[in-house]
Structure formats: C-alpha cells, structure tokens
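Right, one structure below, let's go through it.
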Amino acid sequence: MAHKGRVIFHVDMNSFYASVEQAHNPSLKGKPLAIAGNPKERRGILVTCSYEARALGIYTTMTVHEALRKCPELLLLPPDFPKYRAASKEIFTILRSYTDLVEPVSIDEGYMDVTALSKERHALNIAQEIQQRILTELDLPCSIGIAPNKFLAKTASDRKKPMGITILRIRDMEQLLWPDEVVKMHGIGASTAKKLNAHGIFTIGDLAKTDEYTIKQILGKNGVRLRARANGMDDRAVDPEAIFDTKSVGNSTTLPEDLIDIRTLHKTIEGLCKKVAERLDAKRLAGSTVSIQIRDTNWHNHTRSKTVSNVLYRFEDIFPIACALFDKHWDETPVRLLGVTVSNVVDRKDYSQQLSIFNFQEHVKDEPILKIVDEIEERFGKGMIQRGVDLGKRSSYQSQTSFSKDFLDDHH
C-alpha cells in the first residue's frame, strides 16, 4: 500500500455466532450448523449459519422449517449471546493492541485506521498478523479489507470469505466494481436499486458516471453520497466514539400467524411502543420521527413515518402516532410482521424543547429552579449543575434492540 494517504482496515468476522459455537465445541466443526430463534414457532429464523450449511443452500433469515426441509441433518443451536459478547470483547482487545483508532460497527465487525503503523510495516503484513492472531488465539476466522477509506475497506472485506484479505484501491474500481449490479454496492438495497434501475442506472459504473444533479433528483442527498462512494470517495474518519451515536431506536416482531384482527394488531403495536419507550428511556434519548413497518403475508414491506415538532420518548406519545399510521396505511392484507421505530434521535440532556402556547405551562413549574441554576452557573461556571442523574448515558442498556447492541458496554 502507498503511504501517501490513509490506510483503513475493515475486519469482518466470518459466520460469527456459528464460528464461536464451533470454537467452544470442536465436535461441531465441519458440520452444517445454524443459530436460530425458537424452532417451535414460525418466528424461528436462522440468525446465522456455518459455511458448511451455506454450501448446502442454507442462508441467514431462512425459517427453521425451510432450513430443515432443505437440510434435515442441519444442527440447530439457540443463541448464546453472553458467549458471543465475550468473544467480541477479545477480538476488539486484539485490534486495539495495534491502534487506538478502532471503530466497532457491530458485535462482529469494525474499522481500524492503521495509517501511522503502516509507515513502519506493510499494511498487508499487519492484516495477515491480525487475522492469524484472531484465528490462533480465539479459533475464529475473519476477513479483512484494506483500502484508503471506509467504504472501499468494507467493500474489500466482502470479496473474500472466509479468511480473505483483499486490497482495494480507487484505481481498481473501474475494473473490479463498476461492472457489478448497483444492488451489490454497500449502502444500496433492493428499493433504492429499483429506483435507480427505473432511470437507466443498472451498474455501479452507471451510478458513478451519473451527473450530480440527476442523481439528486432521483435520491436526494443520499444519491449524491452514493454517487461519491461509487467513485471511491469517502472522507469519514475512523471514530472510536461513533458507535454510541444512536440514530434510531426500534423494535419489531414476527407474528405467530398471519393476522387480520385489528384488536390483536393494535395490541401488538402497543407492546412494541412500550419496548421502544423503555429503550429510549434507558438510553436517555428522544426522537422526532415515528415509523411503522408492516410486512404482509406475501413478504411485501411497507414503511410509513410521521415527524412531529417536539421530540418524543414516552409511550403515551409514541403509541397514538404509530397506531394512526397503521390504521391509515394498512390495506387489510394479513400481517406477518410489525415494527415501530423512533428516529432522528437526540440526547435528551442536550435537547431544549421549543416552547409553544400549547406546552409552556408544563415548564412554568421549572422557572424558579432554572433561575437558581443560572445564578450558580454564572458564579461557578457552565455545567456545574445538571438536571437529574444521567445514569442512562451510554451505560444503561437494560433493554437491548438486538444481539449486536448489548456489546456496547464493553467499549467504554
């Protein structure tokens, strides 16, 4: 790697949960293995599967029923999150032994900025050493992408699995990436690809060559960002604190059976809203946008949102909006999955709610104490007094949103 610019690694563990199980129980190695939810209910889906299982046509998100029908010899294990969390902590300890500039992305992947270290050693040698250490010390395989920025490093790590190391330079993009279908580009899903296809943009190269005005008309600001990525441009820094910047808090559930009973569906939405409110409270966050996700019996996803002027975090504020969105947009097709999300979140401590004629009265009672706080801060300095005890800041994860969130406490 040339040392003029940055050298970024993306370290991505291979079939992480299954690999951790195989490391703990070597008798599972070489066998088709999957980690699944409750196999007795339809909601039992495969969280991940070993490469031996993938070779037999098994894939993540496949239902347990489908997987066993396709591969009767498939070994199914329930998730053991404390075990995966412990392994994740050990992985990131190894990564941080090389540089402090490590940015966890999830429980099983993260970025490293090894620019300084690569001036002393070749980047490829560093990557090989990291990969071998994780395999030798933890018995876990990983792939590593090496590139001048985060987007290309992530793209590179996906190209060789398991146990691959790939170098991807900007000058390689035209030959290696541009011929690929646009849906294969990191950051582009099926819905976005469909919009692009409708405007004659079918490959990553097509996206890269589209003028900025046109792509902005199609996808807005996100289109401009994706066009830049398609041209290999990404100036994001590797930020060890970035993982704490929560953008949304949500919860979803797959129903035991396809439902059309409105009372049961409302009750499900109520439960989801309560969980979202609990998580917002645990993290001391609030958001201004409420979204409802509906997946029907044909696996069609429908998402609708509403943005309000003041931020929300209480159940009694979230639930009416979510219910109204559902009632307005549900076409009475049987429902398979429901989800509720609050996005555009901010730290409640840092947010100053705008007063209006409708809500000023609830703040009047705070006026005397606010005046005292102002006087104390004027005398002793800003920030000497804080409202309440901020126990939720970054450390209170009593209500996690997924497997990959609980590990955050290990990165303080």
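Tabulated results
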quantity: Residue in the stretch 291-309 that is closer than 24 Å to T61 by Cα, among the small types (G, A, S) and out of contact with any Ser or Thr (no Cβ under 7 Å at 6 or more places or on another chain) present; calculated: no
quantity: Leading residue by the ranking (nearest to L95 (Cα to Cα)) among those in the stretch 134-158 that are in a helix (DSSP H, G or I), within 21 Å of the chain's Cα centre (by Cα) and among the hydroxyl-bearing types (S, T, Y); calculated: S157
quantity: Among the residues listed as K161, K89, K195, the single one being open to solvent by 40 Å² or more (accessible area, probe 1.4 Å), modelled with pLDDT under 95, outside any loop (DSSP other than H, G, I, E, B) and of a type outside the set (V, I, T); calculated: K195
quantity: Conditions (1) of a type in the set (A, V, I, L, M); (2) over 25 Å from the mean Cα position of the chain (by Cα); (3) under 13 Å from L226 (Cβ atoms); number of the one not met by A198; calculated: (3)
quantity: Count of residues meeting criterion [in a loop (DSSP other than H, G, I, E, B), open to solvent by less than 70 Å² (accessible area, probe 1.4 Å) and without any contact (Cβ under 8 Å) to a residue 40 or more places away in the chain] in the stretch 68-86; calculated: 1
quantity: Single condition L285 does not satisfy, out of (1) within 26 Å of A190 (Cα to Cα); (2) in contact with a Lys or Arg (Cβ under 8 Å, 6 or more places away or on another chain); (3) of a type outside the set (V, I, T); calculated: (1)
quantity: Where a residue in the stretch 88-106 is among the acidic types (D, E) and its partner, wherever it lies, is in a strand (DSSP E or B), with Cβ under 7 Å and at least six apart; calculated: E103/G110; E103/Y111
quantity: Cross-chain or 6+ apart pairs with Cβ under 7 Å, the stretch 150-161 first and more than 15 Å from A228 (Cα to Cα) and in contact (Cβ under 8 Å) with a residue 12 or more places away in the chain, then among the β-branched types (V, I, T) and open to solvent by 20 Å² or more (accessible area, probe 1.4 Å); calculated: A156/I167
quantity: Residues of the stretch 7-55 satisfying the condition of being modelled with pLDDT of 95 or more, among the charged types (D, E, K, R) and part of a loop (DSSP other than H, G, I, E, B); calculated: K29, K31
quantity: Criterion violated by D317 - all others in (1) under 17 Å from E278 (Cα atoms); (2) assigned to a strand (DSSP E or B); (3) open to solvent by 20 Å² or more (accessible area, probe 1.4 Å) satisfied; calculated: (2)
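The values are calculated or read from the model by the stated rules, or taken from the named source; none is laboratory data. Remember, it's a predicted structure, so these values are computed and weren't measured experimentally. Using ideal geometry, Cβ is built from the backbone for each residue, glycine included, and neighbour counts are taken over all protein chains shown. Surface accessibility is based on the protein's heavy atoms, side chains included, excluding ligands, DNA and RNA. Shrake-Rupley method; radii C 1.70, N 1.55, O 1.52, S 1.80 Å.
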